[in-house]
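Just so it is clear, none of the values below were taken in a lab; they were calculated from the coordinates. No experiment lies behind these values; they were computed from the predicted model shown. Neighbour counts run over all protein chains shown; Cβ positions are idealised from the backbone, glycine included.
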């Protein structure tokens, strides 16, 4: 059935003509699907459903996914495994991770239907506009100011790229970054995304570590700007930033590569920025609040004390008898 506007009757008729042959050409299917969807600038999504591993290698399906990601085609593959086989899980997880997608194991029709509906709804909300090109700087003072949206940039090994986002009181900053590892890297590397105040105070950070595979690394963070008087940790906005307190986003990495690998241009990265109404963040792990909790704790301590005292007296009495 050709890619285009959905006609359910035609699609069902096309599916009814299929005749299974017992083979599972996942790698070839991914290549063909990517070709059908084209290589434009906007994000495309594939939902891959299988009840078994690839049986037609080469090409290896995970390598196909990595090459598609390295080509910068903005292709995301979400995988659904209809089996609990470890080998299938590893293969589908690799495909999903290489393209920024997700892997889900399903065993029942209800699970399959529910997950498909979620993925289709997510595809409907995928950005249909190409990311805006932006160039981060080496510091916050002269960093480009970003509004909610999706941005693309490049970052060299060991470099830090700075961006500014005005966050008004009552808003929550949500940001994520994905770096496409499009060349061979040494093992044990990572990506970090930090939110900083203009004074240099770290507000929150997100990190992701890798093992050296050519893949995609992603991390994200969220930071709420409290209402005035609620203990905001950033300094007031200067006159030039009437839209809110400037928060500096810093993208860093710990990449290194073999001597033969190229270091220029930098690694392609995609930065997503959003501002939503602030939600209450947890103040930290605790046992709870209120008089009921106090009564429960006091009662528990009293009972524990009585039991401990009774056991101690019983042991002393036994000792004296012996």
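In table form, for the structure just shown:
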| quantity | calculated |
| --- | --- |
| Alpha-carbon gyration tensor eigenvalues x 5, square-rooted, for region 19-160, Å | 33, 17, 14 |
| Residue exposure sequence - 255, 157 - by fewest surrounding Cβ within 10 Å | 157, 255 |
| Sorted by Cβ neighbour density within 10 Å, fewest at the top, the residues 83, 245, 219 | 83, 219, 245 |
| Orientation-averaged projected area, Cα convex hull of region 142-187 (nm²) | 4.7 nm² |
| Hull volume in cubic angstrom per residue (convex hull over the Cα atoms of region 100-204) | 183 Å³ |
| Sequence ranges 15-22, 103-110, 146-153, ranked by mean other-Cβ count within 10 angstrom, highest first | 146-153, 103-110, 15-22 |
